[in-house]
Structure formats: C-alpha cells, structure tokens
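What follows is calculated from the coordinates using simple rules that are stated; it is not laboratory data. Please read all numbers here as calculations on a predicted model, not as lab measurements. Every residue, glycine among them, receives a Cβ derived from its backbone with ideal geometry; neighbour counts consider all protein chains shown.
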Amino acid sequence: MADFQATLAGILERELPNVRALVSCERLSGGASQETYRLVVATDAGEERLCMRRAPGGERVETLGVNPGLAVEAMLMRSAREAGVPEPEVHYVLQEADGLGEGFIMEWLDGEALGARIVRAPELDGIRPRLARLCGEALARIHAIDVAATGLDRVLHRVTPAEYVEQTWERYRAFETAQPMIDYAGRWLLEHLPEGFDYTLVHNDFRNGNIMFSPQGIVAVLDWELAHIGDPMRDLGWICTNSWRFGRTDLPVGGFGSYEELFAGYESVAGMPVDRDRVKFWEVFGSFWWAVGCLGMAEHYRHGPDKTVERPAIGRRSSECQVDCVNLLIPGPVELVQPSPSADADMPRVDELVKSVRDFLREDVMGATEGRTNFMARVAGNSLDIVLRDLELGEQHRALEHERLRALLGEAGTLADLRMALVQRLRSGDMPLDREDLITYLRQTVVNQVAIDQPKYSGFATATR
C-alpha cells in the first residue's frame, strides 16, 4: 500500500498543477466491479478532495463482453458533461507508464449514491417525487449525444438486442452451471426481440445506485463502464428493473417514481414517444442480465485478482434476479419448503458454530471498525445467514426439486445431471416454454431458492403474495 500511495502521489503532483502532496487515500466500500478511492490532497488553497476510479488491482475486468475500459469511461463522462448531463470533471486518465493500471482521477462531488438511502432518506423527501422525471430527461440527453462527432463510435461496441442476449447467455454457459430459469428467460428474450429503432449511445448501467442525488436533483451520472451503442430503451428498462428498487415495488423507477413520470421526462427532451413494449423487454432482460452478472462475481472470486468477501455474496443474488424473471414471465402460486429441526446431536452443532462466527462479526468486528472493513464484516455476516438458512431448508428444497425434475424429464439421474439435461433442452428449443409442468418446476424451485438466499428480497414477497 505504501508503494501504491507513493506512486499515486507522484502522479498527482506531476499531472495536477495545484496539487502539492497526497494527504490520504481511502478505498471506499461497495464498487464490486471497480475500485473507488477518496483522495485528500494538499493544494496552495488548503486541502481538497478528489476521487479515483480504478480497475480491480489495476487490471481490466471484462464484464459481459461490453466493458470499453476506464479510459473510454472518462471520455464518455466528458462527452456527457458537454451535453448537459451532470458529471464530475475528469482531471487525469492513468497511462500505462504510470504503473497503477487502468483508471482516472476526477472531481469529488458530494451527494447521495446509496440506493437504499435514496428511496428513504428524509433529506430527499422534497425532491424525490421529481427524480423519475429528472432521470428521464438525463437519459434523453445521453441518447442524443452524437457518437460520430465525439468519436465514441470508434471506441464503443455496437450491440443489437439479439447479440446482447446471445452474448449474455454465452457468458453464463461458460460458467458450466445449470440454472434453468436463466435459460428459460434467454429463450423468451430471443423470441421477443425488439425491432425498428434507431441506435444511440446507451449508458447501460443507469440505475439507482449509479446516480448521485442531492435535495436539488441529480448531482452526477456515474459508472459508465458498460456503455455501448444500441437500443436506447435498454436504459429505461434497466432503471425499472426490480433489483434497483430497494424494496419499493410500488415505485418501479428506482424505488422513487412511476413509469409515467420517467417516460414524461424522457419525452419532454427527446421529442418522441417511449416504446412501452421495448421497455418491458429490457426490464426482463435486466433481470436476466444481472442474474448472469451476479454469477460472474462468483466466478471472479474464484479466479481473482480481487478476492473479496463481497463477490461470492453477490453471486448468491442471482436467484433474486431469477425470481424477478418468474414474476415478470410466469407468476403463479408457490408452495414453500418448511424448516425442519436439526437432527445433529453434536455439541456444538454446525449451525451453532456458524452463528457464533456471524455474531462475532456483527457485534464485535462491526462495533470496532468503520469504512470498508465494517462494510465487509456486514457482508460476511449476511453470507453466514445464507449458510444457516441452507442448513435449515436446503436439503428438503433440493430433494423436492429432484422429484419435480424426474417427473418433468421422465428420466432418472442425479440432481446436477437432470438440471443440465433440462437446460440443454431449453437451449436447443426441444422444451416448449409453455409447458405447465416446466413453469411449475421453475416457479417452485426459484422461489424456494430465494427463501434460502434472501427471503427479505422484495421479489420474494411478490412471488409469495
């Protein structure tokens, strides 16, 4: 860390004329796909805060095949700022000779970017009813950016809806894990592809949690790492995806607004109507895409370089996205697995060992730490809760899934073998999507998996309502 800070200090002093020294460098919590640092520097006028965004370990992470790199992200932010989209000023883009890998240094802006706080913080009560409209206006400005004049067409991928679905599905298939609901959603998407639209710049991660707000409105649109040229309705569908509502299912736009407010804001700037059917397609795609993205975090944990406790925890959130696909495509009644008492006579039992570690993390570690360590201790405690629920529900849940699969496929085999047999039939098109026993299997299996992974997730409440 000392070498890292010394190198960074040299870059700041050399490239930013007003910087005299690096006072402190703190990596912030969150930012599972990229590193974010708060820098305090000494200037002639006193201390000033800056922000550095860097690839994990300085190495680019390929994210579902569309990551253009942080140098291009800086270019995108500069272009958006010129188009009237709220953005921080980018001061310097790291070069290979700097020795810190991919990244850039930008203006520090104050505001709220935590999605859960944005939907509930009292200080935002006055502006919250206008946020969906402001987001629609910002998206319309982003989509109007001339990609040829800015040179963005030379550095960004152009992605058709079919390519994006196939690309995402292929990424998932490379994990060699059988998750039948992901394959079902992939098939549905390919059978309902949007057509007849103009390609524009797409932010591709415009959602609650990547937008900084204040009581005055939008402070900055952040995290451009997934931008490409494609269907602009992708952005409107993504901000409506349930993962980014933070429990507010009654307010589909980021948990703070309605479809109508978002669309009205967009149409007021774009001068053209929103295609509601395409937004619905991209809302389904959003849950499909993030289901695969969550698995990608688990894969990244296995292969590095940034093996944090947060990555496998996010991996388990794939089932949340899958239950959102259930609710959008195949809603219906569900029978939940009931917990059974432990038959383990050992003293202490396995669940008691796990609870003791979880409670130590929450009561001792979190009480004695702050910042990133405190955040990671909370994540670790949540992961142990998943282990405890799996000990209580998992065996029975998997046994019932095995029975449903044997009946659905009409063949014997291990649970893993039958899951793979089903996804192969879905991928080949041999399994019709409207088979009632398939729909029942998927709904029962996914909802009961969420009962283990995250029973407090809003999509679970929707599925079991």
Report, by chain and number, residues whose modeled amide H sits under 5 Å from the one on TYR92, excluding near sequence neighbours (fewer than 5 apart, same chain). ILE105
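Using a Förster radius of 60 Å, what is the FRET efficiency between ARG38 and GLU191 based on their Cβ-Cβ separation? Nearest 0.05, please. Spell out each step's value before the answer.
On the way: r = 46 Å, r/R0 = 0.77.
After rounding to 0.05, the efficiency reads 0.80.
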In degrees, nearest ten, helix 371-389 long axis to first principal axis of the chain (Cα): 10
What does the charge count near ALA451 come to, summing +1 for each Lys or Arg and -1 for each Asp or Glu among other residues with Cβ under 13 Å from its Cβ? -2
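Label the stretch 2-107 by shape, choosing from rounded, prolate and oblate, from the square roots a ≥ b ≥ c of the eigenvalues of the Cα gyration tensor; if a/c is under 1.5 it is rounded, and otherwise prolate applies when a/b is larger than b/c, oblate when it is not. The partial results should precede the final answer.
Values: a/c = 1.79, a/b = 1.28, b/c = 1.40.
It comes out oblate by the Cα gyration axes.
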With SER258 itself left out, Lys, Arg at +1 and Asp, Glu at -1 over residues whose Cβ is under 10 Å from its Cβ give -2
Eligible lysines near LYS355 by straight Cα distance, threshold 20 Å, same-chain separation 8 or greater: LYS456
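Placing +1 at every Lys and Arg Cβ and -1 at every Asp and Glu Cβ, with all other atoms neutral, what dipole size does the chain have around its Cα centre, in debye to the nearest 20?
On the way: 50 positive and 72 negative charges, 103 e Å.
With only Lys, Arg, Asp and Glu charged at Cβ, the dipole is about 500 debye.
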Roughly how tilted is helix 259-270, in degrees to the nearest 10 and between 0 and 90, from the longest Cα axis of the chain? 40
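Using the Cβ atoms and a cut-off under 12 Å, what net charge is assigned to the surroundings of ASP385, where Lys and Arg are +1 and Asp and Glu are -1?
Taking every other residue near ASP385 into account, the sum is +2.
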Each label sits 7 Å from Cα toward the beta-carbon; between THR7 and ARG117 the label points are separated, in nm, by 3.1
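Calculated FRET efficiency, GLU352 and GLU166, Cβ-Cβ r, R0 56 Å, to nearest 0.05? Intermediate values should be presented prior to the final figure.
Values: r = 47 Å, r/R0 = 0.84.
Efficiency, from the Cβ-Cβ distance: 0.75.
Let me know the longest stretch in the chain that avoids all GluC sites (Glu not before Pro) found in a DSSP loop with at most 12 other C-beta atoms within 10 Å. Intermediate results must be reported in sequence, preceding the final value.
On the way: sites that count: GLU59, GLU62, GLU89, GLU176, GLU191, GLU195, GLU335, GLU370, GLU411.
Excluding the exposed sites themselves, the longest stretch runs over 196-334.
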